[in-house]
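Student: Following this message is one structure expressed as structure tokens.
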Amino acid sequence: MICGTSTCHMALSKEPLFCNGIWGPYYSTMIAGYWNNEAGQSVAGKLIDYMIETHPALPQLKDISRKSNKTLYDTLSDHLKIKAGAKNIPIEELTKNLHVWPDFHGNRSPVADSTLCGMISGLTLCSGLQDLAALYLAVIQALAYGTRHIIESLEASGHSIKGIYACGGLSKNQLYIQTHSNITGLPVILPDKTESVLLGAAMLGAQACKYYTSEQVLEAMGGTGSVVWPQKETFSYHEKKYKVFKNMLEHQKLYREIMNN
């Protein structure tokens, strides 16, 4: 999973697998001798930033972040912990009544419908920093539900997904990664290298010179990493939220049908 402004979900297989709404399979595009299916989300980090930048609490968020010498994202995470602590509930449950369908720029996978739009259910008149923090969490959860939707489509076509390898700018966001692990129920492996995409380019160069096989390049340059494990106590909550997530898609289709008839 290459997660940044948008996100790409790459799945490898030894045999070609055809997945509805997902590009490919392409032969030897990532690792020689393997087939690659490519799914993705048209907006990921861009959607997170859009929600932050258009919210009335942005000036307050910037001021607090500047004074504490933290990123906007870390400040929002801090406020989520404070709010959850005050309510004596897990952070995840701060979005119990706030739901997001994240296709503000259409759906690339697995619905493959560029005309789909974003949806938010549960808005109130609140416009403070706590409201922004909850919306920030709801968007991250929605992106993770989208990843789960993609994984289910890949597995329905024959893939067996046992874990997620994540890189890109969003992989440095602890909340984003832990949420993806919790919602997919899969471990997420994070590389120790800070610029994995640049390392990947170097690995391609090493193989292109034809002195090394892809296996030799992977073994010598692949490096090490750490694992983020899913928190099982969150599973039942996310099962309910994921059901709402999929219903939002069906509702949007229904509303269009009503208005077009």
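Student: Only one of the listed values, (1) 56, 51, 36; (2) 69, 46, 34; (3) 62, 54, 32, was derived from the coordinates as Cα extents along the principal axes in Å; which label is it?
Tutor: Among (1) 56, 51, 36; (2) 69, 46, 34; (3) 62, 54, 32, the one calculated here is (3).
Student: Quick one: if you stick a label point 7 Å off each Cα along the C-beta vector at LYS246 and SER121, how many nm between them?
Tutor: 1.4
Student: Give me the percent of DSSP beta bridges within the chain that run antiparallel, rounded to the nearest 5.
Tutor: 85
Student: In addition: Would you list LYS241, LYS162, LYS246, LYS83 from the most to the least accessible area, probe 1.4 Å?
Tutor: These residues rank, largest area first, as LYS162, LYS246, LYS83, LYS241.
Student: Measure off 7 Å from each Cα along the Cα-to-Cβ vector at LEU198 and ASP63, then give the distance between these two points in nanometres to one decimal.
Tutor: Output for this residue pair reads 3.7 nm.
Student: Relative contact order for the chain using alpha-carbon pairs under 8 Å, separation at least 6, rounded to a whole percent?
Tutor: 18
Student: Assuming 0.36 nm per residue, please report the length gained on full extension of the stretch ASP74 to ILE161 beyond their Cα-Cα distance.
Tutor: 28.3 nm is the gain from fully extending ASP74 to ILE161.
Student: In Å², and per residue, what accessible area does the chain have when probed at 1.4 Å with the other protein chains present?
Tutor: Dividing the accessible area of the chain by its residue count gives 54 Å².
Student: Only helical DSSP H runs with n ≥ 4 go in: add -39500 (n - 2.57) per run for the chain, normalise by residue count and round the 222 nm mean residue ellipticity to 500 deg cm²/dmol.
Tutor: Mean residue ellipticity, 222 nm, calculated: -15500 deg cm²/dmol.
Student: Here's a follow-up. Once you charge only the Cβ atoms, +1 for Lys and Arg and -1 for Asp and Glu, what is the size of the charge dipole of the chain about its Cα centre, to the nearest 20 debye?
Tutor: For this selection, approximately 420 debye.
Student: A further question on this structure: Which pairs in the list LYS193/LYS240; LYS162/LYS240; LYS14/LYS46 are over 25 Å apart, alpha-carbon to alpha-carbon?
Tutor: LYS193/LYS240; LYS14/LYS46
Student: Let me ask you something else. Shape verdict for the stretch 184-261, please, from the Cα gyration tensor: rounded (a/c under 1.5), prolate (a/b greater than b/c) or oblate.
Tutor: The shape class here is oblate.
The values are calculated or read from the model by the stated rules, or taken from the named source; none is laboratory data. Keep in mind it's a predicted model, so treat the numbers as computed, not measured. Backbone-built Cβ (ideal geometry, glycine too); neighbour counts: all protein chains shown. All accessible areas refer to the heavy atoms of the entire protein, side chains included, with ligands and DNA or RNA removed. Shrake-Rupley method; radii C 1.70, N 1.55, O 1.52, S 1.80 Å.
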